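Heads up: the structure comes next, in structure tokens.
The values are calculated or read from the model by the stated rules, or taken from the named source; none is laboratory data. Given the structure is predicted, the values throughout are model-derived calculations rather than measurements. We place every Cβ from the backbone using ideal geometry, glycine too, and count neighbours over all the protein chains shown. Just the protein is used for accessible areas: all its heavy atoms, side chains included, with ligands, DNA and RNA removed. Shrake-Rupley method; radii C 1.70, N 1.55, O 1.52, S 1.80 Å.
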Amino acid sequence: MSPFLRFAAAAFAVVCLGATPSFAAGPLMQAPAGSAEGVSQGDLNVFKGLPYAQPPVGPLRWTPPKPLDHWGGVRNASQYGAPCVQSKPQGGSANIYAENLPPVSEDCLFLNIWAPKNARNAPVFVWIHGGALSGGASSETMYDGAKLAAQGIVVVSINYRLGVLGYLAHPGLSAESPDGVSGNYGLLDQIEALRWVKRNIAAVGGDASNVTIAGESAGGLSVMYLLASPPARGLFSKAIAESAYMITTPELKGTRFMPSSEQIGAYLAGKLKAPDVAALRAMDAQKITDAAGAAGFLPFAAIDGHVLTKQLVETFDAGEQAPVPLLAGSNSGEIRSLLMLLPAEPKTTGDYVAIINKQYGELAPAFLKLYPPNPLRESMLATTRDAMYGWTADRLVKKQAAIGQPSYLYFWDHSYPAADNKGLHGFHASELPYVFGTADAAPPNWPKVPDTPAERKMSQDMTAYWASFAKTGNPKAPGAPDWPRYDGDAAYMRFTDAPHPGQHLNSAAYALEEEVVCRRRAANVLWFVNYGVASPPLPPKAPGC
């Protein structure tokens, strides 16, 4: 709407309707998708709750996202859209990640934009939230994009379908598909959001040819899926994966490592007493989400030969992932806030040693050197951390460097009194308030970050590094050390009291886990959450391992 038309509309309201005039209209976005009026926030234009696909409700539940037609009129973009349906977080005050979200809905495929007012061909940073693919939302307070956007980039955050609504595969759903596939709906949502960005981001001054995808935890897993997915190719030019985990992924129909995705879906339908897809679609979205969680359904993508063609490890081994610059890392205390991933502790250190010797065979001496029986709990925490998150981050940068792409590795070992007092030094996701500059907006039970010069400097450095990478593929921060590329000397950046460049991060742990995973792959044994005392017997050495 032009300034003249806005003035005319206000004048009409005053003269004919007796309304109080208001000329503090927000910024207007005029994009191919439609027009939207956002809010002005300092030097930024902010647009929230923009739909990027049709609501996946009714017959569109469990179908790929459908592009949204041009919306009519001027859309109010001052408020976030509804989060996707999810179960309420458990754990009370012990759950540091729990946040009181707005009411959830199946009509949830929204995105949000923070753009500098003077943006012209600005780099674009697309954030994919975490939450185990079963919870979370782009509207979480810690993901406010203002501080990152103030670095001269356009920040976009997205919702995507979660849990059983986002990742159910089923023979009946596959039969409906022209490609004969099902599942992966949440991942397809992310791809559709990237397509929307490509078509529309120029309307707010963004450069559709310079898009960085970024995410943490399940968001980092999603980044890996997108790196591996043929339909996502060309929709982004850089990637950031924070605390990602390169898990065993079920196949849609095959059972090489685990039951197929279709088998899992059919089993769940039986537990829910739903004889067919129509019965599943007739169920209330919240009820089916809660019931699926209670039945043990874990949302993961499916290798369907279309959206994903191979196990992630196989895609990266073959060098078939997207050839883009990559930044990846993990945290020192990942498991301290994720104790559900920790197996039961043996009664004695002698029991621990005996189990490791039995399960790891000839690799047991190397394992026990890395993870000795004393202190036992610290060794168990480190085992799961290194096997899930450390190995993944190191593997990502190694494989990306091997195809000639600039790659950067980090290790977040920073903490502060409130976290240390809870035994949460360097806990999972604890870097996020520093990256987004939102320490004052963390969830209610989050250990409070002190407002000190040192903590503010750490946040300034992290925000600058991430924004710089989004701009150029080279992370830099004013007044902070240069971040060396991984290739050559296996360089990385360790964040403790400040950023410190280093070399060869935990290389012995990486080599051990690489050997274990290689043998399990050769023997068709999965490699997810079965480490240390929870490990199955080590398969024999195989060619190539």
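Side notes on the structure shown:
- The set of residues in the range 316-372 being in contact with a strand residue (DSSP E or B) (Cβ under 6 Å, 6 or more places away or on another chain) and of a type outside the set (D, E, K, R) consists of 324, 325, 326, 327, 328, 329, 331, 333, 337.
- The set of residues in the range 268-283 being surrounded by 15 or more Cβ atoms within 10 Å (Cβ to Cβ) and under 30 Å from the mean Cα position of the chain (by Cα) consists of 268, 269, 272, 277, 280, 281, 283.
- Matching residues in the range 212-237 - criterion: being β-branched (Val, Ile, Thr) and within 15 Å of residue 112 (Cα to Cα): 213
- Of everything in the range 403-417 that is small (Gly, Ala, Ser) and closer than 25 Å to residue 126 by Cα, the residue that is surrounded by the most Cβ atoms within 10 Å (Cβ to Cβ) is 407.
- Verdict on residue 133 being in contact with a strand residue (DSSP E or B) (Cβ under 8 Å, 6 or more places away or on another chain), crowded, with 20+ Cβ neighbours inside 10 Å and farther than 19 Å from residue 196 by Cα: no
- Residue 482 being under 30 Å from residue 115 (Cα atoms) and either among the charged types (D, E, K, R) or surrounded by 18 or more Cβ atoms within 10 Å (Cβ to Cβ) (or both): yes
- Residue check for residue 172: farther than 22 Å from residue 120 by Cα, open to solvent by 10 Å² or more (accessible area, probe 1.4 Å), part of a helix (DSSP H, G or I) and in contact with a helix residue (DSSP H, G or I) (Cβ under 9 Å, 6 or more places away or on another chain): yes
- Considering 488, 544, the condition of being more than 26 Å from the chain's Cα centre (by Cα) and free of Cβ contacts under 8 Å to residues at least 12 places away in the same chain is satisfied by 488 alone.
- Qualifying residue in the range 35-55 (condition: at pLDDT 80 or above, open to solvent by 60 Å² or more (accessible area, probe 1.4 Å) and within 30 Å of residue 286 (Cβ to Cβ)): yes
- Condition met for residue 468 (closer than 26 Å to residue 248 by Cα and either in contact (Cβ under 8 Å) with a residue 24 or more places away in the chain or open to solvent by less than 40 Å² (accessible area, probe 1.4 Å) (or both)): no
- Top-ranked residue in the range 354-385 [being aromatic (Phe, Trp, Tyr) and part of a helix (DSSP H, G or I); ranked as farthest from residue 426 (Cα to Cα)]: 360
- Strands (runs of 3 or more DSSP E) enclosed by the range 30-111 - at least 1 residues per element that are under 26 Å from the mean Cα position of the chain (by Cα): 44-51
- Verdict on residue 259 being open to solvent by 10 Å² or more (accessible area, probe 1.4 Å), farther than 18 Å from residue 156 by Cα and touching a residue at least 40 places away in the same chain (Cβ under 8 Å): no
- Residue in the range 310-317 that is under 19 Å from the mean Cα position of the chain (by Cα) and either farther than 25 Å from residue 515 by Cβ or among the aromatic types (Phe, Trp, Tyr) (or both) present: yes
- Any hit, the range 210-225, residues being open to solvent by 10 Å² or more (accessible area, probe 1.4 Å) and assigned to a helix (DSSP H, G or I): no
Yes/no per residue for (1) farther than 16 Å from residue 414 by Cβ; (2) out of contact with any strand residue (DSSP E or B) (no Cβ under 9 Å at 6 or more places or on another chain); (3) crowded, with 18+ Cβ neighbours inside 10 Å:
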position	(1), (2), (3)
448	no, yes, no
463	no, yes, yes
476	yes, yes, no
491	yes, no, yes
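- Subset of the range 418-433 that is crowded, with 19+ Cβ neighbours inside 10 Å and assigned to a helix (DSSP H, G or I) - its residue that is farthest from the chain's Cα centre (by Cα): 419
- Candidates are the residues of the range 226-247 that are surrounded by 21 or more Cβ atoms within 10 Å (Cβ to Cβ) and within 23 Å of residue 341 (Cα to Cα); the one that is farthest from the chain's Cα centre (by Cα) is 246.
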